[in-house]
Amino acid sequence: MNDMRLTERAVDQETTKITARKVQVYYGDNHAIKNVDVDIADKTVTAFIGPSGCGKSTFLRCINRMNDTISTARVTGDILIDGEDIYDKRVDPVQLRAKVGMVFQKPNPFPKSIYDNVAYGPRIHGLSSNKADLDDIVERSLRRAALWGEVKDRLAAPGTGLSGGQQQRLCIARAVATSPEVLLMDEPCSALDPIATAQVEELIDELRQNYSVVIVTHSMQQAARVSQRTAFFHLGHLVEYGETGKIFTSPEDPRTESYISGRIG
Amino acid sequence: MTDATAEHVPSGAGQGSLLAKDARTAKRNAAETRFKTYGLIAVCIGIAMLILLMTSILSNGLSAFRQTTIQVMVELPEDKLDKSGVRDPEVMAKVTTFGYKPLLRDSLIATVATAGIETDLDPKDLEALVSDESVAQLRDFVLANPEVIGQTIPVQVLANGRIDGFFKGRVTYESAALDNNVSPEQLQLAEALKEAGLLRTGFNWGFLTLPDGSDTRPEAAGLGVAILGSLYMMLIVLALALPIGVAASIYLEEFAPQNRWTDLIEVNISNLAAVPSIVFGILGLAIFINFAGLPQSAPIVGGLVLTLMTLPTIIIATRAALKAVPPSIRDAALGLGASKMQSVFHHVLPLAMPGILTGTIIGLAQALGETAPLLLIGMVAFVREYPSGPPEGLFDPATALPVQVFNWTQRSDPAFVERASGAIIVLLVFLLLMNLTAIFLRRRFERRW
Amino acid sequence: MTISWLFLILLAVGTMAFLMARGRALASVDGDARNLHSLPIYYGLNGLLTALTPALALLAVWLIVQPIAIDASVKGSFPIGALPEGGTLDLVMSDVRRVADGLDAADAPDALSVEEAATLLGSGGVALGTTLTTEVLTAAQQYRDSRSTMNLFMVVAVLVLALIGGAWAVMRTNGDFRARNVVERGVLVLLIAAASIAVLTTLGIVLSMIFEATNFFRQYQWTDFFFSTTWKPSFSGRGGGSELGILPLLWGTLYISFIALVVAVPIGLFAAIYLSEYAGPKFRSLAKPMIEILAGIPTIVYGLFALVTVGPLLRDAIASPLGLGNSASSVMTAGLVMGVMLIPFVSSLSDDIINAVPQAMRDGSLGLGATKSETIRQVIVPAALPGIVGAVLLAASRAIGETMIVVLGAGAAARLDLNPFEAMTTVTVKIVSQLTGDTDFASPETLVAFALGLTLFVITLGLNVLALYIVRKYREQYE
């Protein structure tokens, strides 16, 4: 199969962070993800694209087991991070999610201060031994999210008072504060205006140096701008996966081609 | 500005193998389990309280639905009851209960003797086996059926409350030995009567039909007047609160402009829903009784007070039901040239009706159980006369089910605790039926848009 | 019943107006309803409403004003010299009214001697504050007299108004008359009137309590009422020497409410959290209705539960062995049972509030690797805090205004004490006992109930307004 060949090539070039094999997801009777195999590389931005309802977000939520919170969802198959099966009985989703951070579609800062928002993760995971340590983590995370300059004078102000773009960067800072190895982003720019989007996209590009970033996006332009790899989902199938440039210039599957040229979606 | 290249040496969570649990995660999971257990305990306490409450009421009250009676062959001599012999009830009514008392006593002695039961109780103690009320009941029976005079007929008479309590386990030989009102010998005789088949415990219809009994006659106390009074009040509440509540809701939901007066009404409704019920009682006393001069203890006053209390509930439910009707229905009617009023009355209101009725029944159920305001408007009075039929009966004195419960808790004879709990069972059965009707309506007619 | 007859006659007039207006409208277009401005029924309804609405409004106003007017005129002509020792005009007037009602009930003739009247009243079971005097009898006869005259006037006036209204509507009816618009405007007025009843009720509550409370404060120092620590009404009947300090009652009320909240808030909150965040659908569908049943149980049932089960249990198991008291009715009894009553109240309010916290908050926290309990404690509860505070305030207002549980479970002795196993009493208990006793209505011992009621109303209203404001603000935040 074509896409299998593509994945194999990817594995050859870089270290693989996440490996998925024969993943199936059911919501009650609805078969949402059908037999997905994918390898996601470390220190790379991987984009999931596809029409709405194609299962890209569902698959993303499998990687940090957020689907566990939906009682009707059922996941089968294997997803391995660094060779460890995350659906193994011994794995605690809490520990997993510290390793695999997530940023959501709509900015969802907690109704707390900016400082407390960022410090939330480190606090619950016990990452700091004292206040100075925590201050340090907060500052570093905010710097990494390119927000420090804008908020350093009002760390005690509520996070909900920031603008949409700032809120989303705050959520990214919150996610990187637990020093994850993988960062999942579920359409992180869909609620933002173009300027904020540009800021967040720039940030994503920088984050690549430390994390394996997986981003679900609606916008093909965004995928082309920020990602090195792109996976195209359609009706629960992973149709095509490969170098972003290749997917957008010479897709192999006719469905990918139709989507990219705007005929489905 | 950014600082993404700065190497942050990670420490703690998320590092290392996912398969090995670190100590901190174990601790956090323990906290999680503890927290979840607290929640489960809270739910269980709630359910346990419900069970405890129900058990307490049922164990105390179920026996109220059984009543011990004694079958006595009563001789009804004409020379004592109707000397004239014309069987004119007015003349016969001149013989008071004092005239019947010795008849019943002598008949009881004779019945005991005929059954071959030996007893050394004196006639007065023997007579105390039956309720004082049974003399009055015998008289009423004779006045209603004059043809029995001159015959000897079998009559089921109420046993005294203590004897009744003996067969329900409330009175024992030990307690009787300490009680001035009943002696162990009387209990022995009662047991003998039971063996002879003359004394039996059966379903207590009187509890549901008789009026209240006096302090010393718990065995004759019934809920007849209370049930009737509650029924009258519910009719008034239904007749007033439903139309007024629906009218108010229609106005607020469909017509009200955004202005001060509308705001004032809204604020008032939400506050009235939370005003303590006793305040409504004060209102009823001050306005309806003292100011408007309506009679005390009358269902009309109780009904008016409960109407005012129920209105907010009905308005809130009705508005929710009206809100649930999609605007497309209104638009469709208006588009055909119906006036706003027509679109509301012809289309929106019928569609909202199941929701309105459900809310009304729930409001009525609340009103049925309400006690405090009724105490203040005098419904706690001792009423033995059934109110007459409506509309005049609405102005006659009556009591209400929950008030009757309160009334009985204030009496000293422990038999009244049984009656009060029994009355609560009746009340709860009514509430259950009403709520089941509401649930049925909701299930049957609920529409999802 | 003259009033019910009057109603029937009015109904008949209304029906006549309905039929005649409808008939006239149809006749004006030779029976072809298409030529009418409105549907025929609207012409009929116009007739009905025009005939009945003003007549019924007049009737209502008349029924309210008539007793006041008669009272005033009889009062005015009552010889002041004939007032009994220590009595007031108001007291005498209540006797006058009672005598008049009794004589009416006995169908007594207009001319009666005092003795005849007294026997008639005695057989009718009318109890008087004092013995019947000639002046009272004269006043009562005057009262009856003007009442029957006024009643006659009322019937005539109401009927005439109905007839005029009906006739006017019928006269106005012709094919071009915009009957539907007129009827709809009338209906709108009725709808507004119905909606305004809520305001009238509040007004009625406030005015009646302020009026009677003012009467009370005229006879009793307000400083003594609000600041005295003794509650000791005299039982001599006609007042005097009573000490009516509200503080011990308020103390009992707040103490019991406090215990109730200590029971209800944690249990209700945890139950709501468990049911909305942890419980499986099966367990929830079973447990939630069971807890809601607790909310549907009338308070008298809780009262009896306190009286016959909880009270004796606490006394025998805790209070007596520890030497804390031997009363079955106590602050603890009432507080615990009231707490149970409030569990569903707190839990269903908290449930709504917790569910109003957006799912995105939960996802954000869980996505960072927080456990469910960490999410609840550190994100959901703080986010829901204003709403929960509002719910607790509403529960507190419920507890303060609750009557039957404290009447049956708390006791009747006013006491300022810390021992929760002692019987204490509350504002609501005293309202009930002062208004259901045999004391004279105009005495401070009775009127104090209105001052108590007003205090209760103000406290609960304040709590409600505050709580509703907080909850509304909270909801707006997430809408």
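Where in the stretch C:324-386 are there helices (runs of 4 or more DSSP H), lying fully within it, with 2 or more residues that are within 14 Å of chain A (Cβ to nearest Cβ) and either modelled with pLDDT under 90 or under 30 Å from C:Leu307 (Cα atoms) (or both)?
Passing ranges, in order: C:331-356, C:359-367.
Search the stretch A:206-221 for residues being at pLDDT below 90 and either in contact with a Ser or Thr (Cβ under 7 Å, 6 or more places away or on another chain) or in a helix (DSSP H, G or I) (or both), and hand back the single one that is nearest to the other protein chains (Cβ to nearest Cβ).
Only one residue fits best here, namely A:Glu206.
Tally up the residues in the stretch B:395-416 that are at the interface with another protein chain (Cβ under 10 Å from one of its Cβ atoms) and over 20 Å from C:Leu304 (Cβ atoms), please.
Within the stretch B:395-416, residues that are at the interface with another protein chain (Cβ under 10 Å from one of its Cβ atoms) and over 20 Å from C:Leu304 (Cβ atoms) number 1.
Please go through the stretch B:19-34 and give me each residue that is within 13 Å of C:Tyr278 (Cα to Cα) and either in contact with a Phe, Trp or Tyr (Cβ under 9 Å, 6 or more places away or on another chain) or among the hydroxyl-bearing types (Ser, Thr, Tyr) (or both), ordered by number.
Scanning the stretch B:19-34 gives a single hit, B:Thr33.
Just to be sure before I move on: is B:Ala321 of a type outside the set (D, E, K, R), modelled with pLDDT of 90 or more and either assigned to a helix (DSSP H, G or I) or outside the structural domain of B:Val383 (by TED's automatic domain parsing) (or both) in the structure I sent?
yes
Considering only residues that are among the aliphatic types (A, V, I, L, M) and over 14 Å from C:Val337 (Cβ atoms), which ones fall in the stretch C:296-326?
Hits for the stretch C:296-326 are C:Ala317, C:Ile318, C:Ala319, C:Leu322, C:Leu324.
Need pairs with beta-carbon distance below 6 Å; first residue modelled with pLDDT of 85 or more and within the stretch C:31-50, second part of a helix (DSSP H, G or I) and surrounded by fewer than 21 Cβ atoms within 10 Å (Cβ to Cβ); sequence gap 6+ or separate chains.
Pairs found: C:Tyr42/C:Arg180; C:Asn46/C:Val182; C:Leu49/C:Gly186.
Being within 13 Å of chain B (Cβ to nearest Cβ), modelled with pLDDT of 95 or more and in contact with a helix residue (DSSP H, G or I) (Cβ under 6 Å, 6 or more places away or on another chain) is the requirement here; does C:Ile267 meet it?
Yes, satisfied.
Residues checked against (1) away from chain B (no Cβ under 14 Å); (2) within 15 Å of the chain's Cα centre (by Cα); (3) over 24 Å from A:Gln105 (Cβ atoms); (4) charged (D, E, K, R):
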position	(1), (2), (3), (4)
A:Glu139	no, no, yes, yes
A:Leu142	no, no, no, no
A:Ala156	yes, no, yes, no
A:Thr160	yes, no, no, no
A:Gly164	yes, no, no, no
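Could you tell me whether the stretch C:101-114 includes any residue that is modelled with pLDDT of 70 or more, assigned to a helix (DSSP H, G or I) and β-branched (Val, Ile, Thr)?
yes
Select from the stretch B:193-249 the residues that are polar (S, T, N, Q) and either touching a strand residue (DSSP E or B) at 6+ places or on another chain (Cβ under 7 Å) or under 30 Å from B:Pro312 (Cα atoms) (or both) and list them in ascending order.
Scanning the stretch B:193-249 gives B:Thr201, B:Asn204, B:Ser230, B:Ser249.
Could you tell me which of the residues B:Pro390, B:Pro397 is in a loop (DSSP other than H, G, I, E, B) and surrounded by fewer than 18 Cβ atoms within 10 Å (Cβ to Cβ)?
So the residue among B:Pro390, B:Pro397 that is in a loop (DSSP other than H, G, I, E, B) and surrounded by fewer than 18 Cβ atoms within 10 Å (Cβ to Cβ) is B:Pro390.
Just one of B:Thr111, B:Thr55, B:Thr119, B:Thr97 is free of Cβ contacts under 8 Å to residues at least 40 places away in the same chain and closer than 30 Å to B:Thr201 by Cβ; which is it?
Step by step, each of B:Thr111, B:Thr55, B:Thr119, B:Thr97 is checked, and only B:Thr55 is free of Cβ contacts under 8 Å to residues at least 40 places away in the same chain and closer than 30 Å to B:Thr201 by Cβ.
Here is a check on your reading of the model: is B:Leu81 more than 9 Å from chain C (Cβ to nearest Cβ), under 30 Å from B:Leu198 (Cα atoms), at pLDDT below 90 and surrounded by 18 or more Cβ atoms within 10 Å (Cβ to Cβ)?
yes
Would you confirm, using the coordinates I've provided, whether B:Thr68 is among the polar types (S, T, N, Q) and either surrounded by fewer than 20 Cβ atoms within 10 Å (Cβ to Cβ) or within 7 Å of another protein chain (Cβ to nearest Cβ) (or both)?
So B:Thr68 fails the test.
Any chance you could count how many residues in the stretch A:33-81 are basic (Lys, Arg), surrounded by fewer than 18 Cβ atoms within 10 Å (Cβ to Cβ) and under 14 Å from the mean Cα position of the chain (by Cα)?
Looking only at that region, the number is 1.
Free of Cβ contacts under 8 Å to residues at least 24 places away in the same chain, within 9 Å of chain B (Cβ to nearest Cβ) and over 30 Å from A:Ala173 (Cα atoms): which single residue out of C:Leu408, C:Leu418, C:Leu435, C:Leu394 fits that description?
C:Leu435
Within the stretch C:390-479, considering only helices (runs of 4 or more DSSP H) that don't extend past its boundaries, which have at least 3 residues that are modelled with pLDDT under 90?
Qualifying helices (runs of 4 or more DSSP H): C:427-436, C:444-477.
Considering each residue of the stretch C:278-291, count those that are more than 7 Å from chain B (Cβ to nearest Cβ), assigned to a helix (DSSP H, G or I) and surrounded by 17 or more Cβ atoms within 10 Å (Cβ to Cβ), and give that number.
Number satisfying all stated conditions: 1.
Condition check: at pLDDT below 90, on the phi < 0 side of the Ramachandran plot and touching a helix residue (DSSP H, G or I) at 6+ places or on another chain (Cβ under 6 Å). Does C:Ile318 satisfy that?
no
I'm checking my understanding of the structure. Among residues of the stretch B:417-439 that are touching a Ser or Thr at 6+ places or on another chain (Cβ under 9 Å) and surrounded by fewer than 18 Cβ atoms within 10 Å (Cβ to Cβ), which one is farthest from the other protein chains (Cβ to nearest Cβ)?
Filtering first and then ranking leaves B:Thr437.
Mind listing whichever residues of the stretch A:146-187 are in a loop (DSSP other than H, G, I, E, B) and closer than 22 Å to C:Val379 by Cα?
Across the stretch A:146-187, the qualifying residues are A:Arg154, A:Leu155, A:Ala156, A:Ala157, A:Leu162, A:Ser163, A:Ala177, A:Thr178, A:Ser179, A:Pro180.
Please return the ranges of strands (runs of 3 or more DSSP E) entirely within the stretch A:44-124 where 2 or more residues are away from chain B (no Cβ under 14 Å) and over 20 Å from A:Ala177 (Cα atoms).
Ranges flagged: A:45-49, A:73-81.
Collect the residues in the stretch B:167-193 that are closer than 21 Å to B:Pro123 by Cα and buried (at least 17 other Cβ atoms within 10 Å of the Cβ), keeping them in residue-number order.
If the condition is that a residue be closer than 21 Å to B:Pro123 by Cα and buried (at least 17 other Cβ atoms within 10 Å of the Cβ), then B:Ala176, B:Val182, B:Ser183, B:Gln186, B:Leu187, B:Leu189, B:Ala190, B:Ala192, B:Leu193 are the ones that fit.
Among residues belonging to the stretch B:324-358 that are over 28 Å from B:Ala273 (Cβ atoms) and not in a helix (DSSP H, G or I), point out the one that is farthest from the other protein chains (Cβ to nearest Cβ).
Looking at the filtered set, the residue picked out is B:Leu336.
Residue-by-condition table, conditions (1) under 28 Å from the mean Cα position of the chain (by Cα); (2) at positive phi; (3) at pLDDT 90 or above:
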| position | (1), (2), (3) |
| --- | --- |
| C:Met154 | no, no, no |
| C:Arg180 | no, no, no |
| C:Thr214 | yes, no, yes |
| C:Phe225 | yes, no, no |
| C:Ile256 | yes, no, yes |
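State which residue is nearest to A:Val94 (Cα to Cα) when the search covers only the stretch A:125-137 and only residues that are free of Cβ contacts under 8 Å to residues at least 40 places away in the same chain and part of a helix (DSSP H, G or I).
In this case the residue turns out to be A:Leu134.
The values are calculated or read from the model by the stated rules, or taken from the named source; none is laboratory data. All figures in this text were calculated on a predicted structure; none of them were measured in a lab. Neighbour counts run over all protein chains shown; Cβ positions are idealised from the backbone, glycine included.
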